[in-house]
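Trainee: I'd like to ask some things about the structure below.
The values are calculated or read from the model by the stated rules, or taken from the named source; none is laboratory data. Not measured: the values here are computed from a predicted model. As a convention, Cβ positions derive from the backbone with ideal geometry for all residues, glycine included, and neighbour counts pool all protein chains shown. Only protein heavy atoms, including side chains, enter the accessible area calculation; ligands, DNA and RNA are left aside. Shrake-Rupley method; radii C 1.70, N 1.55, O 1.52, S 1.80 Å.
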Amino acid sequence: MSQNELIEDYLDKHEGITQKIATERFGIMRRASRISDLKRKGVNISTEMIQVPTRSGKPAWVARYRKIKEGSNE
């Protein structure tokens, strides 16, 4: 599977994808580029900024991409 296919398949089955998931699970370092590819292909994807803890325990903001399902109000 291509990186785009891996991400699209993951988004079909899960709530969203962050850079950490993309890197750890699939070895994808340029997740935003793959999301851009999918959007150009016509996949409806939203971006949500979420707060996550860093290793030091301080909060950081990261993007989580979610696939918008047909019929959704997002």
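Trainee: Given 52, 43, 62, which one is at pLDDT below 95, surrounded by 11 or more Cβ atoms within 10 Å (Cβ to Cβ), on the phi < 0 side of the Ramachandran plot and not basic (Lys, Arg)?
Mentor: 52
Trainee: Residues in region 13-37 that are open to solvent by less than 80 Å² (accessible area, probe 1.4 Å) and in a helix (DSSP H, G or I): how many?
Mentor: Count: 12.
Trainee: What are the residues in region 1-12 that are surrounded by fewer than 16 Cβ atoms within 10 Å (Cβ to Cβ) and either of a type outside the set (Ser, Thr, Tyr) or assigned to a helix (DSSP H, G or I) (or both), if any?
Mentor: Across region 1-12, the qualifying residues are 1, 5, 9, 12.
Trainee: Considering only region 38-69, state which residues are part of a loop (DSSP other than H, G, I, E, B) and touching a residue at least 24 places away in the same chain (Cβ under 8 Å).
Mentor: Hits for region 38-69 are 41, 43, 44, 68.
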